Amino acid sequence: RKRSDDGNWNIVIVGSGPTGVELAGAFAEMKKDILPRDYPHMNFDNLNIILVSSTTTPLSVMSEESQQMSEKYLKELGVQFMSDEFVTDYDGDKVYMKSGKTIASNNVIWAAGVIGNIIEGLNPDVMIRNRYKTDRFNRVLGYQNIYAIGDIAYMETPKYPQAHPQVANVAINQGKNLGRNFLRKSENDWKEYEYTDRGSMATIGKHRAVVDLPGFKFQGFLAWYFWMFLHLMLILSVRNKIAIFFNWMWSYLNKDSSLRLIIIPNKKNNTEQ
Ligand SMILES: Cc1cc2nc3c(=O)[nH]c(=O)nc-3n(C[C@H](O)[C@H](O)[C@H](O)COP(=O)(O)OP(=O)(O)OC[C@H]3O[C@@H](n4cnc5c(N)ncnc54)[C@H](O)[C@@H]3O)c2cc1C
């Protein structure tokens, strides 16, 4: 398919981790079901959803099966996947890549990760890629009373020699572990932190998902329902669970979004001018 030179028609998502892949899938569903209904006078065949990634496959941190299936699902949804392309710059009109290629786009979404804020005064030598190097108790190296937890912490362990992944589970459990350690009478009783990976998953549009559980992987329709069920269970309070369940059912059945801003030129005013 030809890529449009008009930046308005190219949605560029940078980064093909779970965030980028899920966004690309959601935009593809929007292009198919929502936009043509809201703007019946426009032809959305020209709308390109382009996922740019420095990796060879999407979801490079997941299993090989998930990588291959997610690439296939993206293709089925009409998403253009640009592999091995490292984005170097964006000037508001064009996305620039290391290879010299460019894409005209007025809609760029950064999904290639976030970095933590540097705190002035702390020894810069304890920083690795904007994360603070800590010991196994989340204590910043070289300091007695400064701790770093979650995304900002860079803790090397035999299981994770290049530090833990920047995910919510690590942040929550490092916080819990450190809190429990503070409550212990002696520092000799402190427990080291280690991450137990319970798996990861990502959805790619409607009815398609990939799930990697320890020792068990599956993809497709069933994986999508599993994703929905698990996320519903993780939502706090029964009331919220029920409310969200009905919202999801409503969206599922009518293939629509409850949030929208529709801008249609006012014909009457235009002719009067
Ligand atoms: C788009 C996206 C999708 C994600 N999806 C998932 C997912 O599906 N599953 C998953 O496990 N993880 C996911 N993550 C990662 C997850 O959100 C992080 O790993 C997690 O939030 C880390 O928690 P944290 O407490 O370390 O940092 P954060 O949640 O980032 O919290 C840091 C807080 O500190 C504040 N702050 C920063 N600097 C200062 C300062 N100088 N002074 C005061 N406050 C400051 C920030 O405003 C923020 O509120 C996702 C991340 C992104 C960006």
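The values are calculated or read from the model by the stated rules, or taken from the named source; none is laboratory data. Keep in mind it's a predicted model, so treat the numbers as computed, not measured. Backbone-built Cβ (ideal geometry, glycine too); neighbour counts: all protein chains shown. We work out accessible area using only protein heavy atoms, side chains counted, and drop any ligands, DNA or RNA first. Shrake-Rupley method; radii C 1.70, N 1.55, O 1.52, S 1.80 Å.
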Task: In segment 118-190, GluC sites (Glu not before Pro) in a DSSP loop with at most 14 other beta-carbon atoms within 10 Å - done: GLU120
TODO: Could you tell me what percent of the accessible area of the chain is made up of carbon and sulfur, with a 1.4 Å probe and every protein chain present?
DONE: 57 percent
Open item on the list: Starting from a Cα-only point model with no solvent, please compute log10 I(q)/I(0) by Debye for segment 124-189 at q = 0.18 1/Å.
Closed with: -0.64
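State which entries of LYS72/LYS255; LYS159/LYS241; LYS176/LYS255; LYS176/LYS241; LYS72/LYS101; LYS72/LYS241 exceed 30 angstrom in Cα-Cα distance in the structure shown.
Exceeds cut-off: LYS159/LYS241; LYS176/LYS255; LYS72/LYS241.
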- [ ] Restricting to the chain, compute how many DSSP beta bridges are antiparallel as a %, nearest 5.
- [x] 55 percent
Task: Where HIS41, HIS231, HIS164 fall by accessible area, highest first, once all protein chains stay in place (1.4 Å) - done: HIS41, HIS231, HIS164
Task: Amide H contacts of LEU51 (H built 1.01 Å from N, under 5 Å, at least 5 apart or other chain) - done: ILE13, GLN80, PHE81, MET82
Task: Inter-site label distance for ASN130 and LEU261 at 7 Å from Cα along Cβ, in nm - done: 2.6 nm
TODO: Mind grabbing the base-10 log of I(q)/I(0) for segment 59-199 at q = 0.21, 0.22 Å⁻¹? Debye formula, identical points on the C-alpha positions, no solvent, two decimal places.
DONE: -1.25, -1.31
Task: Translational diffusion of the chain, µm² s⁻¹ [Kirkwood Rh, Cα pairs; Stokes-Einstein; 37 °C; 0.692 mPa s] - done: 151 µm²/s
Task: Local electrostatic count at ALA209 - Lys and Arg +1, Asp and Glu -1, tallied over other residues with Cβ under 12 Å - done: +1
- [ ] Would you list which aspartates and glutamates come within 14 Å of LYS98, measuring only between C-alpha atoms, while excluding same-chain residues fewer than 8 positions from it?
- [x] ASP84, GLU85, ASP89
Open item on the list: Once you place label points 7 Å from the Cα toward the Cβ at THR88 and VAL238, how far apart are they in nm?
Closed with: 5.9 nm
Open item on the list: Output the 0 to 90 degree angle, nearest 10, between the alpha-carbon long axis of helix 18-29 and the longest principal axis computed from the alpha carbons of the chain.
Closed with: 20 degrees
Task: Theoretical FRET efficiency, 1/(1+(r/R0)^6), r = Cβ-Cβ of HIS207 and ASP6, R0 35 Å, to 0.05 - done: 0.65
Task: J(HN,Hα) series, segment 104-119, from Karplus relation 6.51 cos²θ - 1.76 cosθ + 1.60, nearest Hz, glycine and proline x - done: 6, 7, 9, 9, 10, 10, 8, 10, 9, x, 10, 10, x, 6, 7, 9
Open item on the list: Can you tell me the length gained on complete extension of the stretch ASN254 to TYR39, counting 0.36 nm per residue apart and subtracting the Cα distance?
Closed with: 75.7 nm
- [ ] Excluding LYS94 itself, calculate the net charge of residues whose Cβ lies under 11 Å from the Cβ of LYS94, where each Lys or Arg counts +1 and each Asp or Glu counts -1.
- [x] -3
Task: 3J(HN,Hα) from dihedral phi, segment 225-236, Karplus parametrisation 6.51/-1.76/1.60, rounded to Hz, x for glycine, proline - done: 5, 5, 4, 4, 4, 5, 5, 5, 5, 7, 6, 6
- [ ] Between beta-carbons, use under 14 Å as the cut-off and find the net charge around ALA24, counting Lys and Arg +1, Asp and Glu -1.
- [x] +2
Task: Mean residue ellipticity (222 nm) of the chain, computed from DSSP H runs ≥ 4 via -39,500 (n - 2.57), nearest 500 - done: -9500 deg cm²/dmol
Open item on the list: Tell me the per residue accessible area of segment 124-189 using a 1.4 Å probe; a whole number in Å² is fine.
Closed with: 60 Å²
- [ ] Mind ranking ILE262, ILE103 by accessible surface for me, highest first, 1.4 Å probe?
- [x] ILE262, ILE103
